[in-house]
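The values are calculated or read from the model by the stated rules, or taken from the named source; none is laboratory data. Computed from a predicted structure; not experimentally measured. Positions of Cβ are generated from backbone atoms using ideal geometry, with glycine treated the same way; all protein chains shown enter the neighbour counts. These area figures cover heavy atoms from the full protein model, side chains too; ligands, DNA and RNA do not enter into them. Shrake-Rupley method; radii C 1.70, N 1.55, O 1.52, S 1.80 Å.
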Amino acid sequence: MVNFGCVILLLLPSTLFLPTGAALEVTAPDQLTFEIGEKATLPCTFKVSSPFDMKYLAVFWLLQKEDILRYDNKGYRKPTDPRLLLKKEYVERGDISLHIDKVTVMDGGTYTCRVIYSPNHVTKDIKISVYALPTISSLEMLDQDDGSKRVVCGVTGFYPPNVTVTLLSDGKVMSFSELTQQQTNSDGTYNVTRATTLNPEEKPRRLECRVQHESLLQPLQKELNLQYEDTGDNNTVIIALIAAAVILIICVIIAVWLYLKKKGLSLNEIQGPKRWMAGETLTLYCTTSDWDPNTKVKWTILDKDGYIAKISEDPSQDKEEEQPLMARAYQMKNEKKDKKGKKGVCDLASSLTFIPTLSHLNSTVTCEVKRGKNTELKTFKPEKLYDFPWSPQLEDIDIVKPSGSRTVKLTCKIHSFFPDLPTLKWIEKKTDGQEVDVTNNNKYTISNTTSKADDHTLSCNASLSFEKSHDSEDKVEYICRVEHPCLKSPIQSRTGLLQLEDLHSFVVQNIQGPQSWVVGEKVTLYCAASYCNKDVSVLWILKEGDGTPQEVSELPPEKHGTIPSEYAAVRDKTEKSDIEDLHNITSSLSFMPSITKHRNLTLSCKLSSGGKTKEQSFHLKHLYAKPQFLEPAEFTICSPGEVQLGINLRSFYPETIDITWSCNKGKSQDTKIPEYTVNYDKTYNSKSEQRFPEDLFKDPGFRVCVSWKHESMDKQESREFSVKDFPWPPQIEDIDVVKSPSSSTVKLTCKIHSFFPDLLTVKWIEKKTDGQEVDVTNNNKYVISNTSSKADGKHTLSCNASLSFEKSHDSEDKVEYVCRVEHPCLKSPIQSRTGLLQLEGLHSFIVHNIQGPQTWVVGEKVTLYCAASNCKKDVSVLWILKEGDGTPQEVSELPPEKHETIPPAEYTAVRDKTEKSDIEELLNITSSLSFVPSITKHRNLTLSCKLSSEGKTKEKSFQLKHLHAKPQFLEPAEFTICSPGEVQLGINLRKFYPETIDITWSCNKGKSPDTKIPEYTVNYDKTCNTKSEQRFPADLFKDLDFRVNVSWKHESMDKQESREFSVKGRTDFFI
C-alpha cells in the first residue's frame, strides 16, 4: 500500500512557495458497470483554484486499497498490470482517468482515485461491477437405452454466477429437473447445465429453455419444436386434423393481432423479490411489448400511512408529486429493445430501484402504462418487510392487590422493540379453556405507557385493572398477548390461575445503585422488597457483554466476611413489615466492573415469596474506564526545523477524549485529531502528537502544555514540558591527544554527540598538579575551535571541540586538561579528562568509530569493524559486550593461525587488517567481531571495543538502533464454522520482534470488515506471537469467486506479505 504521508513530505519543499487558497476539487462517479472483454474508462478529473504547476501533483490509483498505478512530478510509474493506462498527455488538463483494456472478472471491486496537490489531498472511491451475458449454447433431446428421452439445456459464459435456468414442456415448467454444478471457464465466467428425463409416453410438441440473469433486461429463451413419426393407418384423418389446426392457428394469430392493434400494448406482471430486506437495495421490473414513443410509464408506491410517491419520466410530475416517502431515493430506468421487422416499435423494460425502509411496511407498488386512451395497471405487494432485529421481549406479569382494597392491577412490561407498532391484547381465560378479549370490556381499565431506552429501542408498561367482586374470579387466568411486524407469531405472558383471596402486596422496589460505573472502583447495588414471607429467596441474574449468564445467590450470614472476588450477594437487612407475618428485606450485590463483561450488561434481581416470583431490572447509564498517562512522553526531532511532542493515553472507555496542546509563547497550534486503538479488554488507547518550531525551545522559559478531558474524569489533567525534558543530553568521548613527531603542536580533540537542541556550552580547563583549575577558553596561548554538525538519521547534533597549543617547556607534562560540557538537558555538567600529559612520548594513536549494520535481524550474521591508526606493533584489541540479562562478555582476537578454523563460538573476533601507517614504526589496524544476534541477549546490549597500545587505552562504543525478528506464518490457517451463519478465518504469526505488527483483512466482494486489534503472547526468547481472527457471512463463500485476503507488515520486513483464501480446495468450510 502506498505511504501517502511520505509522498506529502516529498512534496513539502515545493509547497513553501504555493499561492494561498490553492483549493483542490476531484470529481468521479460512485459506481460503474462493465461487460467482460470491453474497454473500460474510470473517469476521474481534478481542478485547482490557482494556476496549475505539475511539481505539486501526485496521482494514485488503488484497487482494494492496494497500489496499482502512480503518476507524480518524478514521472509515470509502471502500473502493476500492463492493461492499465493513464494518459499522461491529458493530466495537465485535469483528466487522470484510468483506462482498462479488456475487462476481466478480477477487475471488479472498489477503486480509489487519490489526488495530492500539495498540501491538499482528496480521495474518491468508485465501485466497479463486471458482468458477462449468458448464452444458451444448446437445447437438445437425447435418446436413452431404456426408451426415455433426456432433455438438456446448456448455458455458458455468464457472470456473476447467480443464474436461474428453467425447462418448459408445451409452456409448462418441467418438474424434477436437475441443475449441474457450475463450471468455471478460464476467463472467470461460468457454465451450467439443466437436464430432465421424459418417459417414453411423454411426447411434447415444444420444449423451451428460459434463462434469467441480472445482466438481462428480459429472460433469454430458446425453443425446440418436435415432430414424431406416425405409427397408425389413419394418415388421411391426421392430415385433415393438421390442416384444420393450421387454419385455426392462423385465425387465432389474426384475432390476437387485431386485439393487440385495438388495445395497443401488453403489460406483464411486475417482477421482483417478494421478501424485502430493510436497508438492502432492490429492483422491481415492469415489461411491455409493442412500445412506441407515445407510451408513458409511471410507478406509484402507496405506503401504510396513505402517503403516495409517484415516479415517472415526466420531470414536472416528479417535482409536483414528491411526497414524504423519500421519492428522491427512487431511481427509475427505461430500457428499450428494437423488435425485428417492426420499424419504430420495440419492447420496453422499466425498472424501479430503491432501498426499503420502515415506511414500506404493508406498501403497494403499481406500474401504470399508458398509450393514447389505453391504460393498463399491474400491482405488486411484498410478503413482508424484513428484517429489523428489534422484536419485543415480554416479562412476567406483576400482580398487585393492596391490603384493604378490592382493586387488582396486572402489569406486563414489553421492551426492546422497534418500531412503535405493537398490538396489545388482554385475554381472560376460563378454566374450561374459553378465551375472551377484554380489551374493550368496561369492567376493566387498560393503560399503556411507552418510553425510549438508551439504545433507542422502545419499552411499554401495559396495565389491566379491575375490582374483585366475587369468588369466581379466582378461577380465571389472564394473558397479555403482543403482536409486532418483527414477530413471526404473537408472544404472550400469563398469570396462571389467580388466587385473589390470598394475594398480598408483595412489592419489589427498583434496584438502587450508581448509574455510572468506573473500572477498578467497587460497585454495590441494592434491591428492596416489602411484604415478603420469611422464606423469601433472592437471585441476582447477570448476562455479561459476551453473552455469559451468571446467577448469584445470597451468601449465608456466616460467610459475609469471606466475600469471593467476582460477585458477592448478601442480605443486608430483614425487618418486620406493617402486615403480620410479613417482612421487608434488602439484598445487595457487589463486584468490580470491567468493560468486556459489563458494557452490554443485562442485570436483574429475582425474588420468590409464597410461590410467586417477581423480578426488577437495572439499566446502566454509563460505564467508564479512566485514561492512564503512559510515562514518559515522546519527543521526536523532525525535519525541517521542528520538534514533535507526543503523549500516550491508555485503557480508557468510551472512545471519545478531548486533547488540547498549547504553549506560553508564540501561536498555539491547532490540535490534531487523535488516533485510537482498541485493547483486548475493549478499552481504548490514544496517541496525540503536536509539532513546534525547534527555535522556540532555545528559550529556556518556553513551555508546552498538553491537557486532556474524558467523561470519566471530574476535571481535566495536564502535563507541561520544556527543553529540560528533552531526552537528548550530550554524550562525551575520551579526549584524543595528538602531537605530530615533526612539530611541537599538541592538539586535544573531544567529541560530543547525540545532543539537541544546539545549546551546548564547552569549557577547556587546565588543571595543575596542586588541583588548581584554570579556564583557558579565553587564553591567547590556546587555539580553540568547535565544529557542529547534524548526526545521520537521528537529527541529533555532534560537535568536535579542539584545543591546540605549542609545547615550549617541560612543565606542561605536569598538566591535565579537562573538557567540561553544559546543556539544558543535563542536571549537572559532564566532562572528559586527559590525565597528566606525557607530551614527549605522545604519538597519534587514534581509534575510529565502530562500523557495521545499525539494524540486526535474528538468525542473520552480523559483523562489526573497529579501526585504529598510528598504533604500536603490540596493540591489543578487546571487544566488550554487556548482554540484555546483564551478563558481561570479553572477546579477544583469535591468533592468525586460527582464522581458518573459527570455532562455533557465540562471538568471534579476528584481526582483519594490519598495515604500516604514514608515521614510522606505527601501524593501522582493523579488528572485526562476528556473531548471530538474538533477542534475549541483544535487545538491551551495551557494546564497545577497547584498544591498548604502549600503556594507553582507548575505547569506542556502538549504539544499536534496531533489533528485529521476522514474523513466521504458521501453516495451516484456521477455519471455524460459527453461529449464526458466519465463517471465522484465523492466522498465527510467530517469533517476531518487536511486538507491533499491522494485520489487515479484506475481501473482493461486499464490505471489507474492520480488522480487530490482534492479541500478543511472549515466548521464552522474548519474541512475540499473535493470532488474528475475522468473521465473514457464510453466504459469501457460496460464490466460488469470493476471496479473502489477509496481509501483514512488520518493521523487520521490506514489504508486506499476504495469504488468500477461498472455498475452493477446502473441505472443512461447509458440511
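One table, with the values for the structure above:
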item	result
Candidates 859, 886, 852 - the one that is without any contact (Cβ under 8 Å) to a residue 24 or more places away in the chain, surrounded by fewer than 19 Cβ atoms within 10 Å (Cβ to Cβ) and of a type outside the set (Phe, Trp, Tyr)	886
In the range 704-721, the residues that are in a strand (DSSP E or B), surrounded by fewer than 16 Cβ atoms within 10 Å (Cβ to Cβ) and in contact with a Pro (Cβ under 9 Å, 6 or more places away or on another chain)	717
Verdict on residue 171 being among the small types (Gly, Ala, Ser) and open to solvent by 40 Å² or more (accessible area, probe 1.4 Å)	yes
Residue check for residue 876: at pLDDT 90 or above, among the small types (Gly, Ala, Ser) and over 53 Å from the mean Cα position of the chain (by Cα)	yes
Subset of the range 275-294 that is assigned to a loop (DSSP other than H, G, I, E, B) and open to solvent by 50 Å² or more (accessible area, probe 1.4 Å) - its residue that is modelled with the lowest pLDDT	279
The range 37-85, residues that are over 27 Å from residue 1046 (Cα atoms) and in a loop (DSSP other than H, G, I, E, B)	37, 38, 39, 43, 44, 49, 50, 51, 52, 53, 73, 74
Every pair of residues 6+ apart whose Cβ atoms lie under 6 Å, when the first sits in the range 964-990 and is outside any strand (DSSP E or B) while the second is surrounded by 15 or more Cβ atoms within 10 Å (Cβ to Cβ)	966/1052; 967/989; 967/992; 967/1050; 970/988; 970/990; 973/987; 981/1034
Answer from 698, 672 - the residue that is basic (Lys, Arg), over 28 Å from residue 822 (Cα atoms) and at pLDDT below 90	672
Single residue of the range 86-102 satisfying the filter (in contact with a Pro (Cβ under 9 Å, 6 or more places away or on another chain), of a type outside the set (A, V, I, L, M, F, W, C) and not in a strand (DSSP E or B)) that is least open to solvent (accessible area, probe 1.4 Å)	97
Any chance residue 161 is over 30 Å from residue 182 (Cβ atoms), of a type outside the set (D, E, K, R) and either more than 28 Å from the chain's Cα centre (by Cα) or open to solvent by 60 Å² or more (accessible area, probe 1.4 Å) (or both)	no
Strands (runs of 3 or more DSSP E) fully within the range 573-661 counting 1 or more residues that are open to solvent by 20 Å² or more (accessible area, probe 1.4 Å) and within 30 Å of residue 548 (Cα to Cα)	583-591, 602-609, 612-618, 622-624, 642-652
Tally, over the range 918-949, of residues that are open to solvent by 80 Å² or more (accessible area, probe 1.4 Å) and in contact with a Gly (Cβ under 8 Å, 6 or more places away or on another chain)	3
Selection count where residues are outside any loop (DSSP other than H, G, I, E, B), in contact (Cβ under 8 Å) with a residue 24 or more places away in the chain and open to solvent by 80 Å² or more (accessible area, probe 1.4 Å), scope the range 991-1026	2
Boolean, residue 302 is open to solvent by 30 Å² or more (accessible area, probe 1.4 Å), of a type in the set (A, V, I, L, M, F, W, C) and modelled with pLDDT of 80 or more	yes
Search result, residues across the range 501-531 that are modelled with pLDDT under 85, open to solvent by less than 30 Å² (accessible area, probe 1.4 Å) and of a type in the set (A, V, I, L, M, F, W, C)	503, 506, 508
Single residue of the range 871-883 satisfying the filter (farther than 13 Å from residue 939 by Cβ and among the basic types (Lys, Arg)) that is least open to solvent (accessible area, probe 1.4 Å)	872
Residue 825, sole failed condition from (1) open to solvent by less than 60 Å² (accessible area, probe 1.4 Å); (2) at pLDDT 90 or above; (3) not in a loop (DSSP other than H, G, I, E, B)	(3)
Residues that are open to solvent by less than 30 Å² (accessible area, probe 1.4 Å) and within 18 Å of residue 712 (Cα to Cα), drawn from the range 678-694	683, 685, 686
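Listed here are the residues, each with its yes/no results for (1) at pLDDT 80 or above; (2) charged (D, E, K, R).
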residue: 357; (1), (2): no, no
residue: 360; (1), (2): no, no
residue: 363; (1), (2): yes, no
residue: 372; (1), (2): no, no
residue: 378; (1), (2): yes, yes
residue: 384; (1), (2): no, yes
residue: 391; (1), (2): yes, no
residue: 400; (1), (2): no, no
residue: 408; (1), (2): yes, no
